[in-house]
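Peer 1: Right, I'll just put the structure down here and ask away after.
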Amino acid sequence: MDWELFRSSFWPILRGGLTGTIPLTLVSFVVGLTLALVLALMRISGRRLLSGIARVYISLVRGTPLLVQLFVVFYGLPSIGVVIPPWPSAVIAFSLNVAGYAAEILRAAILSVPKGQWEAGHTIGMSRRRTLRRIILPQAARVSVPPLSNTFISLVKDTSLASLILVTELFREAQQIAAFSREFMFLYLEAALIYWVFCFVLAAGQGALEKRLDRYVIH
């Protein structure tokens, strides 16, 4: 192992993760999760039009590759006069993709809450919206944490695709150093190691979050 190369490349690659990969993941996940909640509520609404729109959107997102979605946003939209810089393009593509997957997770979590909880909120004078916000969503959050955490961890790894549209993140930094040093295997394995560390830390945090939300579960 070339320890000198490891020492000289570790910080630039890690910095690419801290300043590129992590912010890109966080912003995309928050935006995507917000959109996912809207889609989930549309799916369970009694209005066929809203439910149909959400169903079609989810089907399109889940039925097409993330790479294609990224290229449509960055390379496709300019052909119709919509030019978006690399970083916002990545955020848009990743957010839309997360929304498609997370919407079904949230829908299933909301439906898993016993109907009696809706009735309890109505009994004490809560509106449907307030019951959803104060009673249903906190309980659904606990159920949705594990699958949403997996989605978040997957997104951390998927952000490596942003290097294909010239977004500077963890893998892009590794590619640039590898192109200069010609040590492709070593640098790519180093990047893989840093990705693994990120995902390991996130997985550990998942357990703590589950315990925190456990108090909302009706046993």
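Peer 1: Condition first: more than 28 Å from LEU41 (Cβ to Cβ) and in contact with a helix residue (DSSP H, G or I) (Cβ under 6 Å, 6 or more places away or on another chain). Now tell me which residues in the stretch 85-100 satisfy that.
Peer 2: Correct list: PRO86 only.
Peer 1: Mind checking which residues of the stretch 1-22 are touching a Phe, Trp or Tyr at 6+ places or on another chain (Cβ under 9 Å) and within 17 Å of LEU202 (Cα to Cα)?
Peer 2: The answer is GLY17, GLY20, THR21, ILE22.
So that you can scan it fast, the table gives a plain yes or no per residue for (1) assigned to a helix (DSSP H, G or I); (2) touching a residue at least 24 places away in the same chain (Cβ under 8 Å); (3) touching an Asp or Glu at 6+ places or on another chain (Cβ under 7 Å):
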residue: GLY16; (1), (2), (3): yes, yes, yes
residue: ILE22; (1), (2), (3): yes, yes, no
residue: LEU26; (1), (2), (3): yes, no, no
residue: VAL30; (1), (2), (3): yes, no, no
residue: ALA36; (1), (2), (3): yes, yes, no
residue: ARG43; (1), (2), (3): yes, yes, no
residue: SER51; (1), (2), (3): yes, no, no
residue: LEU67; (1), (2), (3): yes, yes, no
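Peer 1: Same structure again: Can you tell me which residue among ARG107, ARG133 is crowded, with 17+ Cβ neighbours inside 10 Å and more than 30 Å from ARG7 (Cβ to Cβ)? So that I can check it myself, show each step before the final result.
Peer 2: Numbers: ARG133 fails: crowded, with 17+ Cβ neighbours inside 10 Å.
Sole residue among the options that is crowded, with 17+ Cβ neighbours inside 10 Å and more than 30 Å from ARG7 (Cβ to Cβ): ARG107.
Peer 1: With respect to the numbered conditions (1) of a type outside the set (D, E, K, R); (2) at pLDDT 95 or above; (3) closer than 24 Å to VAL156 by Cβ, which one is the sole condition not fulfilled by VAL56?
Peer 2: Result: VAL56 fails condition (3) only.
Peer 1: Let me ask something else about it. Which of the following residues is over 23 Å from ARG133 (Cα atoms), among the hydroxyl-bearing types (Ser, Thr, Tyr) and surrounded by 18 or more Cβ atoms within 10 Å (Cβ to Cβ): THR21, THR64? I'd like the intermediate steps shown before the answer.
Peer 2: Details: THR64 fails: surrounded by 18 or more Cβ atoms within 10 Å (Cβ to Cβ).
The conditions single out THR21.
Peer 1: So is GLY52 surrounded by fewer than 15 Cβ atoms within 10 Å (Cβ to Cβ) and of a type outside the set (D, E, K, R) or not?
Peer 2: Against the criterion (surrounded by fewer than 15 Cβ atoms within 10 Å (Cβ to Cβ) and of a type outside the set (D, E, K, R)), GLY52 qualifies.
Peer 1: Tally up the residues in the stretch 69-91 that are part of a helix (DSSP H, G or I) and either crowded, with 20+ Cβ neighbours inside 10 Å or in contact with a Phe, Trp or Tyr (Cβ under 9 Å, 6 or more places away or on another chain) (or both), please. Lay out the reasoning, then the answer.
Peer 2: In the first step, residues of the stretch 69-91 are kept if they are part of a helix (DSSP H, G or I); the result is 69-80, 86-91.
Subset that is either crowded, with 20+ Cβ neighbours inside 10 Å or in contact with a Phe, Trp or Tyr (Cβ under 9 Å, 6 or more places away or on another chain) (or both): 69-70, 73-74, 86, 89-91.
Number of matching residues: 8.
Peer 1: Considering only residues of the stretch 66-110 that are farther than 22 Å from ARG55 by Cβ and polar (S, T, N, Q), which is nearest to the chain's Cα centre (by Cα)?
Peer 2: SER89
Peer 1: May I ask you to list pairs of residues, at least six apart or on different chains, whose Cβ atoms are under 8 Å apart, with the first in the stretch 161-179 being within 16 Å of LEU193 (Cβ to Cβ) and of a type in the set (Asp, Glu) and the second being at pLDDT below 95 and surrounded by fewer than 19 Cβ atoms within 10 Å (Cβ to Cβ)?
Peer 2: Here the result reads GLU173/PRO12; GLU173/ARG15, each pair linking the stretch 161-179 to a residue that is at pLDDT below 95 and surrounded by fewer than 19 Cβ atoms within 10 Å (Cβ to Cβ).
The values are calculated or read from the model by the stated rules, or taken from the named source; none is laboratory data. Note that the structure is predicted; figures quoted are calculated from it, not measured. Quick reminder, even Gly has a Cβ in these numbers, built from the backbone with ideal geometry, and neighbours come from all protein chains shown.
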